[in-house]
Amino acid sequence: MPPTKDEESDGPPSQVEDMEMDGEAVSSTDLSEILKEGTKESHDQAENTQFVKEFLKGKIRRELFELGTVALYFTYSALEEEMDKNAEHPGFAPLYFPLELHRKDALAKDLEYFYGEDWQDQIKCSEATTRYVERIHHIGEHEPELLAAHAYTRYMGDLSGGQVLKKVAQRALHLPSTGEGVWFYTFDNISNPARFKQLYRSRLNTLETSNETRERIVEEANRAFRFNMEVFEELDKFGKTLGEVVQASGVPLHDGKGDARKCPFYAAEGNSIGGETGCPLHSVMAIVQSCPFQFVLAALLALTAGWYLL
């Protein structure tokens, strides 16, 4: 049997990660593989929502990022409350990693950074997030074995694509490199995310579940993806009322029509200007629209006009 949470908490994070061996054979009948295959379509749909695509291109308003953080706070507060209640439930206990995974406290720090010390008085749970939260509380009370679906969907995503979103947010929103505003994406007690994800999947495979329960877990994971997409759609609708996103220079980012990498002026990694990747056309426009450049241009035009008149 896998060690209990008490045994796990005795050692440092690296010890927790080393408790199970690498290289375990993967079977198509393992719950981790069934979940991966059973949620692939939902995963792709979530990644291709307008909000996520714009985010990945750096077109994210600070207001939307803050509201997204609020949604995450309410979601993880509900999820971790129910996980704590069901920490000893045989259908969930092997997946209980509060020290390594819990995000509520990190999200509280992010919200204090964005909203100030009275952040709790300023935030509220949106309609889409409320539906998500209500579902989590329902299964925590009535079907705790389905918590695995929500934990898998959220935490595995945070340890994977979430790290990309962290870097995009820091750059696009000019957040401090010291972590303020994106503590949510920082897992201090996980030294090797790849190995931890492997451990987590192996724990999923130890759950003693019937075929019927496995089907319900996959169904619930797909439901979790839909809840997340509903939150994205809600944020996207609000974002449309805010106008176009511009960089500090006043130059719009990629126009959002299709994949930014398909832009004919896109500079691939390792082939950038001044160490920055992106569209060179926008870089040129940034220079042209900058005040120093316009001043120099005006001076040159004045000199040229004076020479011509002579």
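A short reminder: the numbers here are calculations on the coordinates, not readings from a lab. Just so you know, these numbers come straight off a predicted model, no measurement behind them. Note: ideal-geometry Cβ built from the backbone for every residue, glycine included; neighbour counts use all protein chains shown.
Just a few scattered comments:
- Global form of segment 42-177, assessed from the alpha-carbon gyration tensor, a/c cut-off 1.5: prolate
- Under the simplified labelling scheme, the R171-N189 pair shows an inter-label distance of 3.2 nm, with each label point 7 Å from Cα along Cα→Cβ.
- Taking θ as phi - 60° and the Karplus parameters 6.51, -1.76 and 1.60, the scalar couplings of segment 214-229 work out to 4, 4, 5, 5, 5, 4, 5, 5, 5, 5, 4, 4, 5, 4, 5, 5 Hz in sequence order, x denoting glycine and proline.
- Gained length - E127 relative to E215, 0.36 nm times residue gap less alpha-carbon distance: 28.9 nm
- Cβ-Cβ FRET estimate between D84 and E37, R0 fixed at 22 Å, reported to 0.05: 0.15
- With a cut-off of 19 Å on the backbone N, the residues of segment 159-202 near the modelled label site 7 Å out from Y115 along Cα-Cβ are 180-185.
- Integer Hz, Karplus 6.51/-1.76/1.60 couplings in order for segment 195-207, x for Gly and Pro: 5, 5, 4, 5, 4, 5, 5, 5, 5, 4, 6, 8, 5
- In order along segment 77-82, the Karplus-derived 3J(HN,Hα) couplings, from 6.51 cos²θ - 1.76 cosθ + 1.60 at θ = phi - 60°, round to 4, 5, 4, 6, 5, 6 Hz, and Gly and Pro are given as x.
- Across all Cα atoms of segment 59-106, the radius of gyration (one decimal) and Dmax (whole number) stand at 13.7, 43 Å.
- Cα-based shape type of segment 148-243, given that a ≥ b ≥ c are square roots of the gyration tensor eigenvalues and the cut on a/c is 1.5: oblate
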